[in-house]
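Trainee: Right, I'll just put the structure down here and ask away after.
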Amino acid sequence: MLNLTKNIERIIIRNIEKQYIASYFSAPNEQNDDFKALNLKTNKSQFGPRRPLRKVKPVETRTSQMEVDQDWGSVWPAPRSFHPAVVPLPIRQGYVEKGAPPDKYANAELMKIPNFLHLTPPVIKRQCEALKKFCTPWPKNLNNQEKIEKLFPIEVISSDYCHSSPTIRDPLARIVTIRFKKSALNLNERETDKFRRLVGERYNEENDTVTIVTDRCPLKKQNYDYAMYLLTALYHESKNVEPWEELKNEADMEKYVWENNASKVNVERLFNKTSSEIPNISVYSEALVNYMNEGENDYTVAKYGEAVKQLLNLPSSTK
Amino acid sequence: MLKSTVDLLTRTSNFKKISCKRLSTVAQLKSNEKLDGFRTVQEDPLKHNSEHLAQFYTLSTSEKNCLFQHGGLPKSFEIQTKTFNETSFMIREPAIEIINYLKAIDYSKPPVKFVLFGKKGTGKTLSLAHILHYAVRDNFLIVHVPWVGNWMRRPKEFSNSDIKEGFVDINIDAAAWLLHFKVQNAVLLQKPEMRLLEAVQWNSRESTAKDVPLVDLIDHGINRIKFASRCVNILAEQVKGLSKIGVCKTLVAVDGFNAFFYPNIKVYTDKKEKVTPGKVTVTEGFLNLTKFDWHNSAIVVTVDELVIAQEDQISHYPRYLLGKTGFEHLDPFVPVHVTNYTKKELISTLDYYRERRWITSYPGQDDELYSLSAGNPYNLMKLCNGL
């Protein structure tokens, strides 16, 4: 029994050997048939003749093939990141320790920012032409800025977004901005003061404009309604006089008003007259109000000094 | 040599007082050096006018001792006067402007207040010193506080006031000031009219009777140091009263006036509680003197960044330094801006330094120093110390 199994094993092993040998001899021959000696020390004679380098001719860039009068709008139709082979300009960007800034090829610096190279005047013109059919004509009588401001005091700004993604909603589309002139509300001085305190930094003193941005609701319509609500509330709240507002005193004033300050009392006591009877008082009070409201600088201090000299009847300059 | 001596003699009004030392110091003029450029022979501030601008004049030693024996000049300037062996002031525009006004003012009206302001080291204190010299020549009674900052930021000693609840006395400083006042007005105080207008009851035992000379009141304050602060206030009231009845005309000159309104001061009560300047007894007296309710007087004060704490030194303008209450107290006042040196003034100073052999000259020196110091007198002095 044991012998039998041994014989079977031997037969199997022999078969496998045969297969290996057959496969070895049927393998393709090596290129050099002669067996090379192992040469540990290399010497020059071993190197064969050098093959001439095959020069790969670079493909000509697109910029070099461009026509002078090509249609740029179809070369660069929309904003995209910079591509050196498409922009026919010798642009350089970046910084190296010594030498000129790197050129446009493989320049990461240039690719960082998206650019709007498509916005050339002819392309803009073309795009406007294309959009024109969606627009209604401008009302003829609204021909100047004054009329626009008077008839449409509120400016509403919102954005729509359109891009190739699975959803047509963009969260930024909900934001609504309204803008209007404070003068359009016709508030008096007290109301103006309260209104300004209520709107805070949303008011721009330079162009008298209030800007309210609403983005707390999920939809544009809701945000617009909220902005309108805010405007209404602001208007009526600034008209409203609370009982504690009567307690406002000199320290709470946002501006220096000469009439209700110690300076008036001082001057009246100094001259022993009421302020309206004192000569040159208006010059003085004006200079002082300027000094206090505009802040101290060489000009306001000098003006104040001149006014005091006039008030006290001193010669303006003694030289 | 002879010529230079003659020059020196003509420059000094008081011939007899030239010491031998003075004539033999290093500061001898070479005969070819021009004198007129930076020096004036006119030593009387009464006659100074805009023609003398940017020129130096010399204060006689006796007058210096009378005016500035107990302070009134900046320390670094004081050292320099010792080095130069003379006290010379440059005649500058702010001082001239105020002096001209002092000549023109109608003294029957309430006092005109002048506020000298300017950046650090521009010469406010020295302008005030020049004005003081004018005042002493014009027979003003001088109420001069050399540096309020010393009282508020570095008082020698403080103690609770006996008569006024919540007030703090700075008696040693007050007594020192009384002495200063006495020395400055030594001549005027000898006048028989300078008398106490009303009796003062110090406590149940001590009192000063009516019509005693004012000097006695001052001496009482100096000798009984406990009453010094109160004495300052009483003296202020008396000075006002005497001016009102026309016995004297008064110049109130306070250096660092804004210290009276700066809340962060280093004066404490006995319980180590911080007080405001309004609660320091002497403040009352000087605020009283700077009110409009008297006449026959003029007020010149300086506002200075240096009297307030370093962290608050933001602006050098009067409204900031005085604060709201301080401004309202002085208003309406005439602000007088003390500026940096003009080129002419700078060259004049350098000529003076060269004449004193304080700096050696080299080509392009004036321009270089003008750029380095930016025309600031204090900076210029510091720069020249090393040359």
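The values are calculated or read from the model by the stated rules, or taken from the named source; none is laboratory data. Just so you know, these numbers come straight off a predicted model, no measurement behind them. Note: ideal-geometry Cβ built from the backbone for every residue, glycine included; neighbour counts use all protein chains shown. Only protein heavy atoms, including side chains, enter the accessible area calculation; ligands, DNA and RNA are left aside. Shrake-Rupley method; radii C 1.70, N 1.55, O 1.52, S 1.80 Å.
Trainee: Which residue, of A:E286, A:E246, is out of contact with any helix residue (DSSP H, G or I) (no Cβ under 6 Å at 6 or more places or on another chain), more than 14 Å from chain B (Cβ to nearest Cβ) and acidic (D, E)?
Mentor: Testing whether each residue is out of contact with any helix residue (DSSP H, G or I) (no Cβ under 6 Å at 6 or more places or on another chain), more than 14 Å from chain B (Cβ to nearest Cβ) and acidic (D, E) leaves just A:E246.
Trainee: Here's something else I'd like to know. Considering (1) outside any loop (DSSP other than H, G, I, E, B); (2) open to solvent by less than 10 Å² (accessible area, probe 1.4 Å); (3) away from every other protein chain (no Cβ under 14 Å), say which one B:E284 fails and leave the rest.
Mentor: (2)
Trainee: Within the stretch B:317-347, take every residue that is away from every other protein chain (no Cβ under 14 Å) and surrounded by 21 or more Cβ atoms within 10 Å (Cβ to Cβ) and give me the one that is nearest to A:M292 (Cα to Cα).
Mentor: This residue is B:Y341.
Trainee: Among the residues of the stretch B:280-303, is any touching an Asp or Glu at 6+ places or on another chain (Cβ under 8 Å), more than 19 Å from B:G166 (Cα to Cα) and of a type in the set (F, W, Y)?
Mentor: No: zero hits.
Trainee: Sticking with this one: Would you check if A:N261 is at the interface with chain B (Cβ under 9 Å from one of its Cβ atoms), buried (at least 17 other Cβ atoms within 10 Å of the Cβ) and in contact with a His (Cβ under 9 Å, 6 or more places away or on another chain)?
Mentor: For A:N261, the condition - at the interface with chain B (Cβ under 9 Å from one of its Cβ atoms), buried (at least 17 other Cβ atoms within 10 Å of the Cβ) and in contact with a His (Cβ under 9 Å, 6 or more places away or on another chain) - is not met.
Trainee: For the condition touching a Lys or Arg at 6+ places or on another chain (Cβ under 9 Å), exposed (fewer than 10 other Cβ atoms within 10 Å of the Cβ) and either outside the structural domain of A:M292 (by the TED database) or of a type in the set (A, V, I, L, M) (or both), what is the one hit in A:N186, A:N207?
Mentor: A:N207
Trainee: Pick from the stretch B:225-256 the residues that are among the basic types (K, R) and in contact with a helix residue (DSSP H, G or I) (Cβ under 8 Å, 6 or more places away or on another chain): which of them is farthest from B:L189 (Cα to Cα)?
Mentor: B:K226
Trainee: Of all residues in the stretch B:148-203, how many are open to solvent by less than 70 Å² (accessible area, probe 1.4 Å) and in a strand (DSSP E or B)?
Mentor: 5
Trainee: Taking the condition open to solvent by 60 Å² or more (accessible area, probe 1.4 Å) and assigned by the TED database to the domain that holds A:K194, does A:E237 pass?
Mentor: Considered against the rule, which asks whether it is open to solvent by 60 Å² or more (accessible area, probe 1.4 Å) and assigned by the TED database to the domain that holds A:K194, A:E237 comes out as yes.
Trainee: Restricting attention to the stretch B:305-314, and to residues there that are open to solvent by 10 Å² or more (accessible area, probe 1.4 Å) and closer than 26 Å to B:I91 by Cα, which single residue is nearest to the other protein chains (Cβ to nearest Cβ)?
Mentor: B:E305
Trainee: Of the residues that make up the stretch A:123-146, is at least one of a type in the set (V, I, T) and farther than 30 Å from A:T214 by Cα?
Mentor: yes
Trainee: Just give me the residues in the stretch B:88-126 being more than 14 Å from B:A298 (Cβ to Cβ), part of a helix (DSSP H, G or I), open to solvent by less than 40 Å² (accessible area, probe 1.4 Å) and at the interface with another protein chain (Cβ under 10 Å from one of its Cβ atoms), in sequence order.
Mentor: B:I96
Trainee: Looking for something under 21 Å from the mean Cα position of the chain (by Cα) and not aromatic (F, W, Y) - is there at least one such residue anywhere in the stretch B:312-320?
Mentor: The answer is yes; a qualifying residue exists.
Trainee: Here's a follow-up. Of A:Y256, A:Y304, which residue is part of a helix (DSSP H, G or I) and open to solvent by less than 50 Å² (accessible area, probe 1.4 Å)?
Mentor: Answer to the selection: A:Y304.
Trainee: Every residue in the stretch B:287-304 that is open to solvent by 10 Å² or more (accessible area, probe 1.4 Å) and within 14 Å of chain A (Cβ to nearest Cβ), please.
Mentor: If the condition is that a residue be open to solvent by 10 Å² or more (accessible area, probe 1.4 Å) and within 14 Å of chain A (Cβ to nearest Cβ), then B:L287, B:K291, B:F292, B:D293, B:H295 are the ones that fit.
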